[in-house]
Every structure is written in structure tokens, then in C-alpha cells.
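Have a look at the structure below before the remarks.
The values are calculated or read from the model by the stated rules, or taken from the named source; none is laboratory data. What you see is a predicted model, and the numbers here were worked out from it, not measured in a lab. Because the Cβ atoms are built from the backbone with ideal geometry, glycine has one as well, and the counts that use them run over all protein chains shown. Accessible surface is based on the protein model in full, side chains and every heavy atom, while ligands, DNA and RNA are left aside. Shrake-Rupley method; radii C 1.70, N 1.55, O 1.52, S 1.80 Å.
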2 protein chains.
Amino acid sequence: MPREIRLNAFDMACIGHIQHGMWTHPRDRSTDYRRLEYWTGLARTLERGLFDGLFLADVVGVYDLLGGRPDAALRQAVQVPLLDPMLLVPAMAAATRHLGFGVTVNCSYEPAALLARRFSTLDHLTEGRIGWNIVTGYLDSAARAMGLAAQPAHDDRYAAAETVMDAAYGLWEGSWGEGAVRADRAAGVYADPMRVRLVRAGGIEAIHLCEPSPQRTPVLYQAGASERGRAFAARHAECVFLNPSSPENVARLVADLRARAAPRPIRVFVGATLILGRTGAEARDLLEEYRRHASTEGALAHASASLGIDFDRFGLDEPVAATGSNAIASNVEAMARVFGPGWTKRHLIDQFVLGSRQKPLVGGPDEVAEALIAFCEATGADGFNLSRTIMPECIEAVADLLVPALQERGAYKRGYAPGSYREKLFGAGPLLAPPHPAAAWRG
Amino acid sequence: MPREIRLNAFDMACIGHIQHGMWTHPRDRSTDYRRLEYWTGLARTLERGLFDGLFLADVVGVYDLLGGRPDAALRQAVQVPLLDPMLLVPAMAAATRHLGFGVTVNCSYEPAALLARRFSTLDHLTEGRIGWNIVTGYLDSAARAMGLAAQPAHDDRYAAAETVMDAAYGLWEGSWGEGAVRADRAAGVYADPMRVRLVRAGGIEAIHLCEPSPQRTPVLYQAGASERGRAFAARHAECVFLNPSSPENVARLVADLRARAAPRPIRVFVGATLILGRTGAEARDLLEEYRRHASTEGALAHASASLGIDFDRFGLDEPVAATGSNAIASNVEAMARVFGPGWTKRHLIDQFVLGSRQKPLVGGPDEVAEALIAFCEATGADGFNLSRTIMPECIEAVADLLVPALQERGAYKRGYAPGSYREKLFGAGPLLAPPHPAAAWRG
């Protein structure tokens, strides 16, 4: 019996997320991203497909590295325009019962107390279905938008994030004790002040504004794959999102993360792009059809930003000197690992398939199901964050074609487990347990 | 023909908002504030009653002035626990078509770029039904929760707010020009970079992350009644919320605000609490029934915080020295104006009726309708922000009893006007027009 595979949809409140140019396909509906119905429809389809969650990415700046301008990103709608992802969740929660929501929020620029209240609010409103993908940002354009000259250095961003986590854990787990909410109409006592504590942590002094939500702390996601990022994940994360790479590399990262986090369990989701047809031939036809809409300019604007390199400054075969990058450290390391230190813009562009460096997995339901099962067996990963191609048909194909094929092989659930997002993911209680640092605030 | 009266529901994502203790009434459902269905049900009732909007209050600290502790506020659920109000809007928007949403957000503690993105997101998702009640806060407990020692002085908070407004207007109105969004699939161009501008304003440098929303700038509410608050309102506000006071005082404030803002129109909403019965006798019975649940402790905790005075330090008949207050300046001024400079705690407590200083207007539909019409005639106010007593019966009574009585008198609409919140309020276009400072960023 293969292990159970878990699926998240990997999306973003924008038009071009990973596969750039797809919005120009006549069937693609991603330009409806401003409409609530677009998101509630997506949420219902995901729940039909028994997806564990919808993972929403976010950035708080624009991609202006390529040519030193945001022009390519704007033309190709590369993660701009972009809405606030948290605000999509309440309407989707009202339209579903089980789907989890993993929302990316940058913790570098907002007071921990307000961030903590937002997540507690969503945990209440979703009845325990919220997760937080903790990011620290990588864009100088974001820092300037916040009134700063530039962002702090890579590892300093993680140090600042540790302070935010301290404050947030204090508020979520330490401020309102067990039994603090009495809601006793006859006695006229809602909360017992003896069980509510002023928390001093991470530089703040506050009572959490929210009473305890079903999970208290949201399910914690993290995606940093650098040395510093992995140390942060080992301390905080319950789920880790890895960018796609070779099975060997993923297996190594999974083993490393699990060893670092032990005895805490870690769920690992790997990025993947699927093109599914009823048959392999139909899937390959779809790939050719979609490819005609891929945008190299969009992919290059995106890669410039996430690697911290202005590719307009380099000829196609000129080695790319990336020494000055203060962006996503693990991305730069990955390029050098795969192509050697003298890698060029041509190496990058040759990777692009659907307007992205993410190579799609193309095939009929059986073929793709078996490839995903084999990948999880080989790597120890728990499942996949599936990025979108043409919306909504790519998600409908997962629900209608892939999920039954996985179910037939005993590799996919046939119904949701009861309880909160954390209970569905780990099969234990709704709250973080020791030795997670958040749990130390309780009892 | 009397002028048209407009109604907002005045609410907050908490249990005790204005009328403290009402949650202990067996029919009150305000303890369901954590459930989406509570809010979507409220929104549907408001739309049935043709309310212009739902006005959501907010604070980002706790009421810990009374006795120097938050105990009374916690016991009586006085605006704590409290959810983030913005996150209630998307589900309510999905459940309605016309209702507007005026959301209070404190602009003292969050980056303008993120605040601007949140409002643009809500303006998109609601299809142009969002408003912002601009506040600067008044609680030292909030400042400490943000990692500060104390909040800035009253007038300095308004000066900081001017900087935030500059940045927000630049982003909403100046960053994406007319025609910037081409969404041209054939040409493969979503946005025209020549029409998207990097905005430098209010200390930030940014491209707005969102494409233009229906209203660009949310409908701007303001509630400050101090000298500095009125100057701010005259420059920025489209709607002003006034606390209830005598018709003479309201008339004076309305005239002053309109003179300061001219030629810009200002809509003025006055706080009110109604107890409606099918007859006057039934309403007076309800008042007596509700009164048994009023909490003096809750009202005192609330008043302590909003006046910036610890009433535990004063005997009942001891003159209250408020010279040190750095809270809501206009509240302190109002007490001295009504009761003289030697006012005491007894003056305050004698005002409490339903766990609040807000005196309810009690009567049958005709009686209340005529009183509201007379008040608007005498003051020039446009309508009322109706605070709640027992939920949801107090709102259902407005929709079912008061609205028909107002309609019979020609003082209430019989259907919603078309268009965005701004169009419904002012009958002109969806965008702010000159001479409002936001409009200067366009064209």
C-alpha cells in the first residue's frame, strides 16, 4: 500500500503566478481574480477533489530587477496586480466545510499583535482551518514601499522573524489560559480576568485581543531552503514547501528537515505542475496548446526577482555573477548546483517550458498518479503544492482525473478526516504540542 | 417632503460594543460573533432594511484604564475579545449586493502600502462597496502592544495620519493611470507600463500592488470631533460620524463641518440607540426588560478608556480632574460642556441607561420615525449610526417596523440606488472629485 499523498493547490491572488503568459489562453479565467465568485468556485472544486488546502503565495513589492524596471512584470501580469490573500479566505470558508487555507504573510513589516489578531480572526471564522506560510520577503521594492531604503540582509530577516514569532506565540498560546472564557450569562461574566495574562515577549506588552481560536496558533508553513531557512523551519514549521528539484535533492532536504525537527513531525509538500489529459496523448496536446501562450519575458522578470539578478545586464552565454544577490539564497545556490558556478542566462531560459522554470509533469491519470506515488516513495515527501496552468480546467482535471487514479491505488483519501486543519494533517489534537516552542506558553 | 434619512448599523466584531451587559440577555446572539453565519445573517437583514451600510468600529488595545487593569473590560466583554473587522467583510459581501461597509482601521501602526492594498482588495471584492473610517487610536495599551512605550500626543497622531493619507492617495489614485489595464490577450499585454507610475509620497516609494478598483479610494469616514479632528475631517472625510448629543450641539457641528469642507459635500451620521416596539408600550416594556441586563461596570470601563480617566481613583462626588488625558479629546470636552468643569463620577453614572452613556430613543414606529425626521430637520444631519441592543431583534425591528414608517413619510428610500457605495451616498460618480486632495493625483 503506498503512503497517502496530500494535495494543496498553490495559487496567488493575481493573474500570473508561476506559469507566465497562461492568462492569454482563451479558456483561462485567472483575470477574474478580483471577483469573489472566482475564489468561492475554486474553493468548492478543491473540496470536491479532497485537497488538503489552498496555499496562497504573496509578495509585498513588485518585480523590478529585470532592466531595473517593473515593465516586464506589468506587461505580463507577473504577480502584479495582486490582492491581499488573507481577505480571500472568509468568503471561501463560507463556501466550504473542510478545505484548509495556508496563507503567506510577510512578518517583516507589520506589528506582531495585528498579524496575530488577523490569524486568530481567520482561525475563528474558518472554525480552525487556517495556516500561515511564514515569509520574510526578498524584494527591495517591498522595503521601499514600506518607507525603508532597502531590506535587511538575508539572515537578519530571519532573526527579526524570530522576534515576531516570540510575540505571536505569546499572544496565541499564553495570553488567554484554559478556561478563561466562561460566557456565563447568569453570573454576568464573559471572561475570567485571573486567567488572562498580559504577555511580554518579542518587544511587545499586550493582552491578545482575541479569545482562543480552535487551533490557537495557525498551522505553520515555511518554505525557506537556505541553511538559515532550514534552521528556522526546524524550530517553527509544521509543514514545509519545497521548490521542485531532483528526487535525490528533495530526498536529502526532506531527511535533513526531519532530522532537524525531530521528534516533531514535519509534512513536506513539493511544488509541481501537472498537465493532465484523459490519455497521455491528450495531455501532450494540451501541453503544446498551452506552450503557445508561455511568456519568456514574464518568466525572466520573475526569475530576475527571485534570484536577485538583472538578466538584462548579461549576454546569453555570459556567466552570471550573482555575488551581490540579497534575494532568495536557496534559488541562487540551486542554479550553481545544477549548472555549475559559470551558469549563464541561456541555462536559465532553456529551463522555461510554460513561462516558468517549473517543468510540468504531463500525462494521463494513471501515468501521473504513478509518477507522483513513486516520487513520494523515493523522497519521503507527503504531497504536492500544485501550481496552476489554465484556470479552472487544470484544477478540475486534478479532481476528476487524477484523484480517482490515486484513490484506486490506495494513495489518496476518500473523505476528509474530522477536525481542524492541524488534526486533518497530523491526526492528533488541534493545538501545537511540545516540544514546539509555541506550546511552552501553555500550562 | 422631509429629507431622506440614511441608516448605518453601528457594530463591532465583539460582544459588548456600546450597550454593555446586553449579551447576558437570553435572546442576545452577540456571543456568536466568531461565526461567519452570524455576520452574513446580519448583512442580509441590513440589506432587507435598505441600510446604506454596516459601520464597523475597532480598537487595537484593551480598556485597562479603570483601576489600571483590564479586568472589568474582560469580565463584561467590553470590546474584548475582538476580531479584525476587515476580515468580516468578504463573506458579508458575498451574501449581499448593495450593502456598503465602513470599516474602522487605525492608521498609526501599519505601513500605508499594506493598508492601501487591503482597502483596494476589499473594494475589488465588494465591487465598490467599501469605506474606511480613519482613526488614529487613543489607547496606550495599543501602543504598548505595538512595541512602543506610549502613543504619541493627540494632535501628533493626526499629523502622522496626514502622512499616511498622502501615501495612500498616491497609491490609490496616482499609481495606475486611466487605461493602464489593457488585458489584451491577443497582444499579450495585461498592463501598460507607461501608464503605471512609481509613487513617491508620505515617505514611501512604490507602485500600488492593485490595479484600480471601482472607487479607487474607499469612501472616507471620520469621527473626530475635536478641533484637530474636525480640521482633518474637513480635508479628508466624505462622511462624518458624530456621537449623539443635543440637537443644538449636533446642528452646530454639522454646520461647522460643512462650512469647513465646502464646496465638498459631507454626509453626517449621528449615533443613536433605538428601542422599537409595535407600540410605545411594547417598546417601554422592552426597555425595562433590557435594563435588567445593563452593566454599570462595563459602561464605566468603557468610559474610563475613552475619557482617559481612571474612575476608580475618584469618589462619587469628587470633581474629576482630567487634565492628564491623552485619549479622545472631544469626549472630555463634552463632559465639561454638559456638566461644568467640576463634573463628577456621579454625573457620568447617572447618564448610564443600557450600560452606556447613549440614551436610547424608545417608542413605536411612528413616534420614533417622527423623532428621527425632526432631528435631521433640526440639525442638518443625513442619518444615523444605529448601535445594537439585543441581536438580532434590534436590527430586525428597524427593518420591519421603523423602515416602513419612514417610507410612509417619504423619508426613506424604497430601493437602493445603482452603483458603488460612493454613488449611492452622493449620487455622482464612483471616484472622489476635486477639490478633494485625493483627486489631485489623477489626470
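If only one of A:Glu173, A:Glu178 is more than 9 Å from chain B (Cβ to nearest Cβ), assigned to a loop (DSSP other than H, G, I, E, B) and modelled with pLDDT of 95 or more, which one is it? Spell out how you get there, then give the answer.
On the way: A:Glu173 fails: assigned to a loop (DSSP other than H, G, I, E, B).
That would be A:Glu178, the only listed residue that is more than 9 Å from chain B (Cβ to nearest Cβ), assigned to a loop (DSSP other than H, G, I, E, B) and modelled with pLDDT of 95 or more.
Condition first: open to solvent by less than 10 Å² (accessible area, probe 1.4 Å) and over 16 Å from A:His208 (Cβ atoms). Now tell me which residues in the range A:97-124 satisfy that.
Result: A:Leu99, A:Gly100, A:Phe101, A:Gly102, A:Val103, A:Thr104, A:Cys107.
Tally up the residues in the range A:184-197 that are in a strand (DSSP E or B) and either more than 7 Å from every other protein chain (Cβ to nearest Cβ) or more than 22 Å from B:Met146 (Cα to Cα) (or both), please. Before you say what the answer is, go through the steps one by one.
At the first step, the residues of the range A:184-197 found to be in a strand (DSSP E or B) are A:184, A:189-191, A:196.
With either more than 7 Å from every other protein chain (Cβ to nearest Cβ) or more than 22 Å from B:Met146 (Cα to Cα) (or both) added as a condition, the list becomes A:184, A:189-191.
Looking only at that region, the number is 4.
Of the residues that make up the range B:41-51, is at least one open to solvent by less than 10 Å² (accessible area, probe 1.4 Å) and either at the interface with chain A (Cβ under 8 Å from one of its Cβ atoms) or assigned to a loop (DSSP other than H, G, I, E, B) (or both)?
Among the residues of the range B:41-51, at least one is open to solvent by less than 10 Å² (accessible area, probe 1.4 Å) and either at the interface with chain A (Cβ under 8 Å from one of its Cβ atoms) or assigned to a loop (DSSP other than H, G, I, E, B) (or both), which makes the answer yes.
Restrict the check to the range A:296-303 and report whether at least one residue is modelled with pLDDT of 95 or more, open to solvent by 60 Å² or more (accessible area, probe 1.4 Å), out of contact with any Gly (no Cβ under 9 Å at 6 or more places or on another chain) and within 29 Å of A:Thr24 (Cα to Cα).
no
What pairs can you find where one residue is in the range A:1-29 and within 25 Å of A:Trp132 (Cα to Cα), the other is basic (Lys, Arg) and modelled with pLDDT of 95 or more, and their Cβ atoms are less than 8 Å apart, with a gap of 6+ or different chains?
Cβ pairs passing all conditions: A:Glu4/A:Lys413; A:Arg6/A:Arg267; A:Ala9/A:Arg388; A:Phe10/A:Arg388; A:Asp11/A:Arg388; A:His17/A:Arg388; A:Ile18/A:Arg388; A:Gln19/A:Arg388.
Considering only the range B:198-308, give the helices (runs of 4 or more DSSP H) lying wholly within it that have at least 2 residues that are over 29 Å from B:Gly174 (Cβ atoms). Don't jump to the end; show me each part of the working.
On the way: elements: B:227-236, B:247-261, B:280-291, B:296-307.
The helices (runs of 4 or more DSSP H) meeting that bar are B:247-261, B:280-291, B:296-307.
Just the residues that are more than 23 Å from the chain's Cα centre (by Cα), surrounded by 24 or more Cβ atoms within 10 Å (Cβ to Cβ) and of a type outside the set (A, V, I, L, M), please, taken from the range A:67-83. Step through it out loud before you land on a result.
As a first pass, look at the range A:67-83 and keep what is more than 23 Å from the chain's Cα centre (by Cα): A:67-72, A:75.
With the extra rule that they be surrounded by 24 or more Cβ atoms within 10 Å (Cβ to Cβ), the set shrinks to A:70, A:72.
Residue satisfying the conditions is A:Pro70 alone.
Failed condition for A:Arg200, given (1) open to solvent by 10 Å² or more (accessible area, probe 1.4 Å); (2) more than 8 Å from every other protein chain (Cβ to nearest Cβ); (3) within 23 Å of B:Ile15 (Cβ to Cβ), with all others met?
(3)
For the range A:86-165, please list each of the helices (runs of 4 or more DSSP H) lying entirely inside it that holds at least 2 residues being within 27 Å of A:Ala329 (Cβ to Cβ), within 20 Å of the chain's Cα centre (by Cα) and not acidic (Asp, Glu). Break it down into steps so the answer makes sense when it comes.
Working: elements: A:89-94, A:112-125, A:140-145.
The helices (runs of 4 or more DSSP H) meeting that bar are A:112-125.
Among the residues in the range B:146-165, are any under 20 Å from A:Gln76 (Cβ atoms) and either in contact (Cβ under 8 Å) with a residue 40 or more places away in the chain or open to solvent by less than 20 Å² (accessible area, probe 1.4 Å) (or both)? Give the steps one after another, and end with the answer.
Of the residues in the range B:146-165, the ones under 20 Å from A:Gln76 (Cβ atoms) are none.
The answer is no, given that none of the residues of the range B:146-165 is under 20 Å from A:Gln76 (Cβ atoms) and either in contact (Cβ under 8 Å) with a residue 40 or more places away in the chain or open to solvent by less than 20 Å² (accessible area, probe 1.4 Å) (or both).
Can you tell me how many residues within the range B:213-229 are more than 9 Å from chain A (Cβ to nearest Cβ) and either open to solvent by less than 10 Å² (accessible area, probe 1.4 Å) or under 13 Å from B:Ala116 (Cα atoms) (or both)?
Of the range B:213-229, the ones more than 9 Å from chain A (Cβ to nearest Cβ) are B:214-229.
Still in the list and also either open to solvent by less than 10 Å² (accessible area, probe 1.4 Å) or under 13 Å from B:Ala116 (Cα atoms) (or both): B:215-222, B:226, B:229.
The total comes to 10.
Among the residues of the range A:364-410, write down those that are under 20 Å from A:Arg284 (Cβ atoms) and among the basic types (Lys, Arg).
Within the range A:364-410, A:Arg388 is the sole residue that qualifies.
Check A:Ala336, A:Ala321 and return the single one that is of a type outside the set (Asp, Glu), over 21 Å from A:His20 (Cα atoms), assigned to a loop (DSSP other than H, G, I, E, B) and without any contact (Cβ under 8 Å) to a residue 60 or more places away in the chain. Write out each step before concluding.
Numbers: A:Ala336 fails: assigned to a loop (DSSP other than H, G, I, E, B).
A:Ala321 is the lone residue from the list that is of a type outside the set (Asp, Glu), over 21 Å from A:His20 (Cα atoms), assigned to a loop (DSSP other than H, G, I, E, B) and without any contact (Cβ under 8 Å) to a residue 60 or more places away in the chain.
Considering the range A:181-217 alone, what residues qualify as being within 29 Å of the chain's Cα centre (by Cα) and of a type in the set (D, E, K, R)?
Residues satisfying the conditions are A:Glu211, A:Arg216.
When you look at A:Arg34, is it touching a helix residue (DSSP H, G or I) at 6+ places or on another chain (Cβ under 7 Å) and of a type in the set (D, E, K, R), yes or no? Lay out the reasoning, then the answer.
Numbers: touching a helix residue (DSSP H, G or I) at 6+ places or on another chain (Cβ under 7 Å): yes; of a type in the set (D, E, K, R): yes.
Yes: the conditions hold for A:Arg34.
Does the range B:411-431 contain any residue that is over 21 Å from B:Val240 (Cα atoms), open to solvent by less than 40 Å² (accessible area, probe 1.4 Å) and part of a helix (DSSP H, G or I)?
No, that holds for no residue.
For A:Glu211, are the conditions met, namely being in contact with a strand residue (DSSP E or B) (Cβ under 9 Å, 6 or more places away or on another chain) and charged (D, E, K, R)? Give the steps one after another, and end with the answer.
Values: in contact with a strand residue (DSSP E or B) (Cβ under 9 Å, 6 or more places away or on another chain): yes; charged (D, E, K, R): yes.
For A:Glu211, the condition - in contact with a strand residue (DSSP E or B) (Cβ under 9 Å, 6 or more places away or on another chain) and charged (D, E, K, R) - is met.
When you scan the range A:127-135, do you find a residue that is of a type in the set (Asp, Glu), within 11 Å of another protein chain (Cβ to nearest Cβ), at negative phi and touching a residue at least 12 places away in the same chain (Cβ under 8 Å), even just one? Give the derivation first.
Filtering the range A:127-135 down to residues of a type in the set (Asp, Glu) leaves A:127.
Okay, now just the ones that are also within 11 Å of another protein chain (Cβ to nearest Cβ), so A:127.
Next, only the ones that are at negative phi stay: none.
No, the range A:127-135 has no match at all.
Conditions: (1) open to solvent by less than 10 Å² (accessible area, probe 1.4 Å); (2) without any contact (Cβ under 8 Å) to a residue 60 or more places away in the chain; (3) within 30 Å of A:Gly364 (Cα to Cα). A:Phe269 meets all but one. Number of the miss?
Of (1) open to solvent by less than 10 Å² (accessible area, probe 1.4 Å); (2) without any contact (Cβ under 8 Å) to a residue 60 or more places away in the chain; (3) within 30 Å of A:Gly364 (Cα to Cα), only one is false for A:Phe269: (2).
Among (1) open to solvent by less than 10 Å² (accessible area, probe 1.4 Å); (2) out of contact with any helix residue (DSSP H, G or I) (no Cβ under 8 Å at 6 or more places or on another chain); (3) at the interface with another protein chain (Cβ under 8 Å from one of its Cβ atoms), where does B:Thr24 come up short?
Here B:Thr24 clears every test but (1).
Tell me the residue from B:Tyr138, B:Tyr169 that is open to solvent by 10 Å² or more (accessible area, probe 1.4 Å) and in contact (Cβ under 8 Å) with a residue 40 or more places away in the chain, please.
B:Tyr138 is the lone residue from the list that is open to solvent by 10 Å² or more (accessible area, probe 1.4 Å) and in contact (Cβ under 8 Å) with a residue 40 or more places away in the chain.
Would you pick out the residues in the range B:346-368 that are touching an Asp or Glu at 6+ places or on another chain (Cβ under 8 Å) and in contact (Cβ under 8 Å) with a residue 40 or more places away in the chain? Please lay out each step first, then the result.
Filtering the range B:346-368 for residues touching an Asp or Glu at 6+ places or on another chain (Cβ under 8 Å) gives B:346, B:364.
Of everything in the range B:346-368, just one residue is touching an Asp or Glu at 6+ places or on another chain (Cβ under 8 Å) and in contact (Cβ under 8 Å) with a residue 40 or more places away in the chain, namely B:Gly364.
Quick one: in the range B:52-85, which of the residues that are part of a loop (DSSP other than H, G, I, E, B), within 11 Å of chain A (Cβ to nearest Cβ) and among the aliphatic types (A, V, I, L, M) is farthest from B:Ala305 (Cα to Cα)? Outline the logic, then answer.
In the first step, residues of the range B:52-85 are kept if they are part of a loop (DSSP other than H, G, I, E, B); the result is B:52, B:58-65, B:69-70, B:77, B:79-81, B:83-84.
Those left that are additionally within 11 Å of chain A (Cβ to nearest Cβ): B:58-64, B:69-70, B:77, B:79-81, B:83-84.
Applying the additional criterion that residues be among the aliphatic types (A, V, I, L, M) yields B:59-60, B:62, B:77, B:80, B:83.
Working: B:Val59: 11, B:Val60: 13, B:Val62: 9, B:Ala77: 14, B:Val80: 13, B:Leu83: 19 Å.
By that ranking, first place goes to B:Leu83.
Check off (1) open to solvent by 10 Å² or more (accessible area, probe 1.4 Å); (2) closer than 26 Å to B:Leu122 by Cβ for B:Asn249 and give me the number that stays unchecked.
Looking at each condition in turn, B:Asn249 falls short on (2).
When the range B:1-50 is examined, which residues are found to be charged (D, E, K, R) and farther than 24 Å from B:Gly383 by Cβ? Spell out the reasoning first.
So in the range B:1-50, the residues charged (D, E, K, R) come out as B:3-4, B:6, B:11, B:27-29, B:32, B:34-35, B:37, B:44, B:47-48.
Within the range B:1-50, B:Arg27, B:Asp28, B:Arg29, B:Asp32, B:Arg34, B:Arg35, B:Glu37 meet the criteria.
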